[in-house]
There are 2 protein chains.
Amino acid sequence: MSKKRVTLADVARLAGLSTSAASMILTGRPDTRLSPEAHAKVHEAAATLGYRPNMAARALRTDKTRTLAFISDHIATTRYGNGLIRGALAASEEAGHVLMMLETYGDPAHETRAIDAAIDRQVDGIIFAFVRSREVFLPSITSNVRMVMLNGTNRQCPIAILPDEYQGGCEAVSLLADANFTDGIVLLGHNAEVEEGLFRSGTILSRLNGIRSEMVSRGLGFVDELSSWNWEPENGYKLMKKYLKNSRPKALLCMNDRLAFGAYQALSEAGLKIPEDVSVVSFDNDEIAAYLRPGLTTIGLPHEAMGREAVRVLLDEKIVESETLVAMEPMIRGSVGGAD
Amino acid sequence: MSKKRVTLADVARLAGLSTSAASMILTGRPDTRLSPEAHAKVHEAAATLGYRPNMAARALRTDKTRTLAFISDHIATTRYGNGLIRGALAASEEAGHVLMMLETYGDPAHETRAIDAAIDRQVDGIIFAFVRSREVFLPSITSNVRMVMLNGTNRQCPIAILPDEYQGGCEAVSLLADANFTDGIVLLGHNAEVEEGLFRSGTILSRLNGIRSEMVSRGLGFVDELSSWNWEPENGYKLMKKYLKNSRPKALLCMNDRLAFGAYQALSEAGLKIPEDVSVVSFDNDEIAAYLRPGLTTIGLPHEAMGREAVRVLLDEKIVESETLVAMEPMIRGSVGGAD
DNA sequence: ACTATTTGCTAAAACGTTTTACCATGATTA
DNA sequence: TAATCATGGTAAAACGTTTTAGCAAATAGT
């Protein structure tokens, strides 16, 4: 039953050469002086035997496994940042690498275990990925394995990939401005005065800065700003429900899609049509955004591109320090109409 | 800079013993005759040096990597079946294993590449996971690595984990029956006559069989059955929109949550309240189910449990053939009221 | 015609474990 | 007293590669 693995020695024997020769030929070493015939024989032998190199043995010798670790807090086990995995997976496959998934649940004990597990297995590099970009803790790492932070930053690790939230903020405002909205714009999810002094993560701050600076440079202002600490559908629904009792906004700029999702329901219950009565623009490009009717126009987090970028940077040994900002992608759907 | 890895030989040297002794002690071999002092010395040495075994070397010798491959068609890169990963990840961690993710996009070329990549890396087992359970193709595998099919079946692989769709179908009907619905129940997504002879996957057939047999044994019947090949929100919306022009159902049994999602919107636009006017029950426990207002009562696919079960079975070498049916889990939310 | 150089290849060490076989030494038994 | 056995350990082989150093034959240089 148990097929004996075919080894390099088998190939060499069949080809009538030494294992050294076989090794050099199969790994495609450049400056070797083996004859064309030798090459042919070895390749043929390898093909007929169906030879596959034993990566454990190779790893032992070369310290390279063509395996990367993807250590995330909540990425693999929730739907957030699924695109990160998609991108990372695709890019590693293209690079002939394989991804090892480890989840830490944001828990330090799990983090150390995950890191140990990865390093024990001699991974060529580690991607640390986080649901919400932020400055992040990490257990100190003794090994000098390559690392990149995906959607997060950490001073121990000088390579980071982040979404360009500032640019995203600008884009969102531009969308409304270009649709000729000049007033009646409500910001849903943040109020500058109310939240004075409260800490928002760096990435959210960038998003807000982008929004506010673009508003100013377009000569616009919000008619109202509705504050909410949590950006869940529930909050969007309640805030809008209450707000609609006395006001009729023309456009909603929602801090994320989940708030927008809640707002949709409140608007619908108030008999308001999107986009005829109210336009809505938002952030993240959550999966729900496409399901809503009409489709939600939103400035998408470029998760897939970020995932790809992470492995690209990780594999490029020349890069030793860099902070990459990946552009956010406006997803134009049906929720923004034109102002009168 | 580059810290030299601390090796077993270092530990042995510090402990004043041979590597053989150190190895035996650290791997916790049972029937060795090394003294308690030897044990103590080795453990201490290992601790002070921070020794971590080189798994490549160990794998080379023992052919065990404590690594499993999770090869899926679209699981890792979409939000479907995220629970499968969650369960598999948790279970492998508990078992001291690590998961290697590979995605095939349902494409045979990717499948062979993924399988090769996994086997090259000497994984201890492979989980093949699929978004929709079905009989599934696989490139023939020469290696005699352990395999399990997760949410799918294949004759080459006699171990499979599947959701108990039949039982799920029964549960859904029971939910309505127990709420005293006796008539006005509409089935959304399937019509026995219209779809006569059309092929649905085995798992969907089981779901339908469960539904229909429980209906019969409860003495119930559907007042209407609305056929739709694709079960997307769009379809649910359109079907219900049209149906509501002439009819007023009391309860909706939706074939999945996405249909239900569409139906919600149609009901809302028709001014019907859930659950006061219409009760809704559905299948899958998609993430949207919890977001809807009111929360959607649905018979959940037990993805997490299935994922756990997959690694449990994979790691239990005694099991050589088995088909596990994992019970579906009714998620009671607010969408089912009581019949008058 | 002898010494260098190139050509084409191989032997053997090394990577870090696990495991088998064996070796002292002292205690027990016959 | 000699043979046996238990005790506590070690030496060395093996796993399958990669890589360094080197060897013999052929070619080139003087």
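Would you say B:Leu102 is away from DNA strand D (no atom under 16 Å from the Cβ), at the interface with chain A (Cβ under 10 Å from one of its Cβ atoms) and touching a His at 6+ places or on another chain (Cβ under 9 Å)? So B:Leu102 fits the description; yes. Restricted to the range A:233-340, the set of strands (runs of 3 or more DSSP E) holding at least 2 residues that are in contact with a Ser or Thr (Cβ under 6 Å, 6 or more places away or on another chain) and within 29 Å of B:Thr78 (Cβ to Cβ) comprises A:279-284, A:297-300.
Each residue in the range B:1-36 was checked for being in a loop (DSSP other than H, G, I, E, B) and either more than 12 Å from DNA strand D (Cβ to nearest atom) or at positive phi (or both), and 11 pass. Among all positions in the range B:32-48, there is no residue which is within 16 Å of DNA strand C (Cβ to nearest atom), acidic (Asp, Glu) and surrounded by 12 or more Cβ atoms within 10 Å (Cβ to Cβ). The set of residues in the range A:37-51 being in contact (Cβ under 8 Å) with a residue 24 or more places away in the chain and more than 7 Å from DNA strand D (Cβ to nearest atom) consists of A:Lys41, A:Val42, A:Glu44, A:Ala45, A:Ala46, A:Thr48, A:Leu49, A:Gly50.
Of the candidates A:Ala109, A:Ala59, A:Ala88, the single residue that is crowded, with 21+ Cβ neighbours inside 10 Å and more than 16 Å from DNA strand D (Cβ to nearest atom) is A:Ala88. Within the range A:47-99, being aliphatic (A, V, I, L, M), facing chain B (nearest Cβ under 9 Å) and over 21 Å from the mean Cα position of the chain (by Cα) holds for A:Met55, A:Ala56, A:Ala57, A:Ala59, A:Leu60.
Take the conditions (1) farther than 24 Å from B:Glu321 by Cα; (2) within 14 Å of chain A (Cβ to nearest Cβ); (3) in a strand (DSSP E or B); B:His110 misses just one of them, which is (3).
Name the residue, out of B:Ala263, B:Ala289, B:Ala270, that is at pLDDT below 95, within 30 Å of A:Asn235 (Cβ to Cβ) and buried (at least 21 other Cβ atoms within 10 Å of the Cβ).
B:Ala289
In the set (1) in contact with a Leu (Cβ under 8 Å, 6 or more places away or on another chain); (2) free of Cβ contacts under 8 Å to residues at least 24 places away in the same chain; (3) more than 8 Å from chain A (Cβ to nearest Cβ), the condition left unmet by B:Phe128 is number (2).
The values are calculated or read from the model by the stated rules, or taken from the named source; none is laboratory data. Just so you know, these numbers come straight off a predicted model, no measurement behind them. As a convention, Cβ positions derive from the backbone with ideal geometry for all residues, glycine included, and neighbour counts pool all protein chains shown.
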